[in-house]
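First comes the structure, then the notes that go with it.
The values are calculated or read from the model by the stated rules, or taken from the named source; none is laboratory data. Bear in mind that the values here come from a model prediction, so they are computed numbers and not experimental data. Note: ideal-geometry Cβ built from the backbone for every residue, glycine included; neighbour counts use all protein chains shown. Note: areas computed on protein heavy atoms with side chains; ligands, DNA, RNA excluded. Shrake-Rupley method; radii C 1.70, N 1.55, O 1.52, S 1.80 Å.
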Amino acid sequence: MFRTIAVVVALALAVLFGRAALSSGDFQVESARVIEAAPKDIMPYLDNFHGWAGWWPPERQNHGLVAQFSGKPSGPGAVYDWSTGGVAGAGRMTISAQQPDSLTIAVDQRAPLATQATMEFRLTTVDDGTRVSVKYTGHNGLWTRLRHPLGVDTDALENQLDDALTYLKLAVEGNAPA
């Protein structure tokens, strides 16, 4: 009886980890908010990592986060390295492209999960301001997929992007909490 249970459990684990190993690891999360401001007034909040502490959730929620800046002060070539013992882990963001209505950031998260991603901000003028949308697309490496064979929960990432846009809205509109 014990041998049968052990074989069934081993087969179930083999299927689960086999599925994880063979999965693509690709994911995508999106969020958007309308901000009562022109795109030119919003872009400085996005293209300068030095100001992200006022609205970016990992900066606000991970006490002890260490941020280091290098490269250009803003725009393409600006680099933001972070590390913390909290859920934000450690990694690097680099602004790779910028247009008046868009910004692309390459994300290389090293911990807690190794993930390579791209974060794209789009600013679209609407009647009551600017629609700011963010799309986060990425790929989890094999080790991450094996550590999380049922898939990485993107709900937390979606909540973080929602929070980021809410805080960005408050900061741009002059209602940022202390």
*Among the numbered conditions (1) surrounded by fewer than 20 Cβ atoms within 10 Å (Cβ to Cβ); (2) in a strand (DSSP E or B); (3) touching a helix residue (DSSP H, G or I) at 6+ places or on another chain (Cβ under 6 Å), tell me where residue 113 comes up short.*
(2)
*For residues that are assigned to a strand (DSSP E or B) and either among the polar types (S, T, N, Q) or in contact with a Pro (Cβ under 6 Å, 6 or more places away or on another chain) (or both), scanning just the range 27-50, find the one that is farthest from residue 96 (Cα to Cα).*
31
*Scan the range 22-44 for residues that are under 23 Å from the mean Cα position of the chain (by Cα) and at pLDDT below 80 and jot them down.*
23, 24, 25, 26, 27
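One line per residue, one yes/no per condition, for (1) open to solvent by 60 Å² or more (accessible area, probe 1.4 Å); (2) within 16 Å of residue 102 (Cβ to Cβ); (3) modelled with pLDDT of 90 or more; (4) touching a Cys at 6+ places or on another chain (Cβ under 8 Å):
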position	(1), (2), (3), (4)
119	no, yes, yes, no
128	yes, no, no, no
135	yes, yes, yes, no
138	no, no, no, no
145	no, no, no, no
157	no, no, no, no
164	no, no, yes, no
176	no, no, no, no
